[in-house]
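Enquirer: Got a structure here, written out as structure tokens. Questions coming.
The values are calculated or read from the model by the stated rules, or taken from the named source; none is laboratory data. Please read these numbers as outputs of a predicted model, since none were measured by experiment. Quick reminder, even Gly has a Cβ in these numbers, built from the backbone with ideal geometry, and neighbours come from all protein chains shown. For the accessible areas, the whole protein counts, side chains as well, though only heavy atoms, and no ligand, DNA or RNA atoms are used. Shrake-Rupley method; radii C 1.70, N 1.55, O 1.52, S 1.80 Å.
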Amino acid sequence: MDKVLSRISSAAGALTVGAFTVNSCLYNVDGGERAVLFDTLRGGILPDVRDEGTHLMIPVIQRPIIIDVRTKPREIPSVTGTKDLQMVNIKLRVLWRPVIEKLPQLYRELGTDFDERVLPSIGNEVLKSVVAQYNAEELLSKRAEVSARIKAELIKRGAHFHLTLDDVSITHLTFGREFMKAIESKQVASQEAERQQYVVMRAEQERIANVTRAEGEAEAATIITKAMEKTGNAIVEVRRIDAAKEIATKLAKGRNITYLPGGGSGGGSDNGNSPGLLLSVDK
């Protein structure tokens, strides 16, 4: 019985040692990741890249380094100056991923935090160089062009560090207080200029109307003069009758008008021909 127990314990120990040894020789690479091997006997990082799955290694001698190769976002803020010396606060959103074939070289040169080492520096460098070629107003009116140039320059710079940039876009763009005040003052001045232009146009239209009215009155006076030359004072009498009719019509509509007839039998200086009076009586 003791021999059986001893054999069982020996077998269990052997199985445990075997399982530990096998487990030490295996490593897993999850989805969206790749691995590079560090080999102490073969001079450091091996040139091969391990894909997803389970792989073998030599314990103690080899050590796997797991690297995430999925596309990740990164925001790069920068404060830079424009061509007309205006300060701009600008932020870029970058979607990046490492070049899988270059992972051994990338790890050898920059380590696993290569995005922290590379993206902020090249992002600020490209932003300063591109933004400095545009005026502040052009950054607003030519935003698509500026974004395209920044993207092209970043892709070119990222390729030197074995990084692929899938998308680059400007997410934030603001100017300093001085520039915003200048824009507001310019808008106020523009509105005032438009208002003054409207006043000038209105005065010009009024001048034209006055000239046209004066020309009409002069023409009317000329016509009346010619008519008087032909008919004598008849035109004046006609105008007087028309005016009298208009006055009579207005007086007839009034409610507080009283007529006092003139004296026809007295011996005054007017020989009894004094006109009557119209009085407006207020109630």
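Enquirer: Could you pull out every residue, at least 5 positions away or on a different chain, whose amide H is within less than 5 Å of the one on Lys83? Hs are placed 1.01 Å off N in the peptide plane, and Pro or chain starts have none.
Expert: Sorted by chain and number, the residues that satisfy this are Tyr134, Asn135, Ala136.
Enquirer: Still on this structure, please answer the following. Put +1 on the Cβ of each Lys and Arg and -1 on the Cβ of each Asp and Glu in the range 37-161; which of Ile76, Leu56, Phe38 then has its Cα farthest toward the positive end of the dipole?
Expert: It is Ile76.
Enquirer: For the range 83-94, just list the computed ³J(HN,Hα) in residue order, Karplus coefficients 6.51, -1.76 and 1.60, θ = phi - 60°, integers in Hz, with x standing in for Gly and Pro.
Expert: Calculated HN-Hα couplings, in order: 5, 9, 6, 9, 7, 10, 9, 9, 10, 10, 10, 10 Hz.
Enquirer: In addition: Taking the Cβ of Lys245 as the center, what net charge do the other residues with Cβ under 14 Å away carry, scoring Lys and Arg +1 and Asp and Glu -1?
Expert: Around Lys245, the surrounding residues sum to +1.
Enquirer: Summarise the accessible area of the range 72-175 (1.4 Å probe, protein heavy atoms) by the percent that is carbon and sulfur.
Expert: Working: 2690 of 5280 Å².
In the range 72-175, the share of accessible area belonging to carbon and sulfur is 51 percent.
Enquirer: So, one more: I'd like the accessible area for Asp113, computed on protein heavy atoms only with a 1.4 Å probe and all protein chains in place. Round to 10 Å², please.
Expert: Taking all protein chains as shown, Asp113 has close to 70 Å².
Enquirer: Among Ser185, Thr171, Gly158, whose Cα sits farthest toward the positive end of the charge dipole of the range 127-192 (+1 at Cβ of Lys/Arg, -1 at Cβ of Asp/Glu, about the Cα centre)?
Expert: Gly158
Enquirer: Same structure again: Rounded, prolate or oblate: which fits the range 22-68 when a ≥ b ≥ c are the square roots of the eigenvalues of the alpha-carbon gyration tensor, with rounded for a/c under 1.5 and prolate only if a/b beats b/c?
Expert: oblate
Enquirer: Also, I was wondering about something else. Net charge near Pro98, counting Lys/Arg +1 and Asp/Glu -1 over other residues with Cβ under 9 Å of its Cβ? Let's see the in-between values first.
Expert: Values: positive: Arg34, Arg97, Lys102; negative: Asp68, Asp115.
Cβ neighbours under 9 Å give a net charge of +1.
Enquirer: Starting from 0 in steps of 5 Å, tell me what percent of the Cα-Cα pairs of the range 191-230 lands in each bin.
Expert: The percentages, shortest bin first, are 6, 22, 12, 14, 10, 9, 8, 6, 6, 3, 2, 1.
Enquirer: Once fully extended, how much extra length lies between Arg239 and Asp39, figured as 0.36 nm per residue of separation less the alpha-carbon to alpha-carbon distance?
Expert: 59.7 nm
Enquirer: For Ile224 paired with Ile100, estimate the spin-label separation in nm (one decimal), with each label point 7 Å from Cα along the Cα-to-Cβ line.
Expert: 10.2
Enquirer: Glu75 to Lys186: FRET efficiency via 1/(1 + (r/R0)^6), r the Cβ-Cβ distance, R0 45 Å, to the nearest 0.05? Working shown, then result.
Expert: Working: r = 32 Å, r/R0 = 0.70.
Result of the calculation: an efficiency of 0.90.
Enquirer: Given a 1.4 Å probe and every protein chain left where it sits, what share in percent of the accessible area of the range 191-230 is carbon and sulfur?
Expert: Carbon and sulfur: 57 percent of the exposed surface of the range 191-230.
Enquirer: What dipole magnitude, in Debye to the nearest 20, does the range 72-175 give about its Cα centre under +1 on Lys/Arg Cβ and -1 on Asp/Glu Cβ?
Expert: Numbers: 16 positive and 14 negative charges, 21 e Å.
So the magnitude is around 100 debye.
Enquirer: With r as the distance between the Cβ atoms of Glu52 and Glu125 and R0 = 30 Å, compute the FRET efficiency 1/(1 + (r/R0)^6) and round to 0.05.
Expert: With R0 = 30 Å, the Cβ-Cβ based efficiency is 0.30.
Enquirer: Checking the table Lys156/Lys186; Lys230/Lys250; Lys128/Lys156 against a 27 Å threshold on Cα-Cα, which pairs fail?
Expert: Pairs exceeding the cut-off: Lys156/Lys186; Lys230/Lys250.
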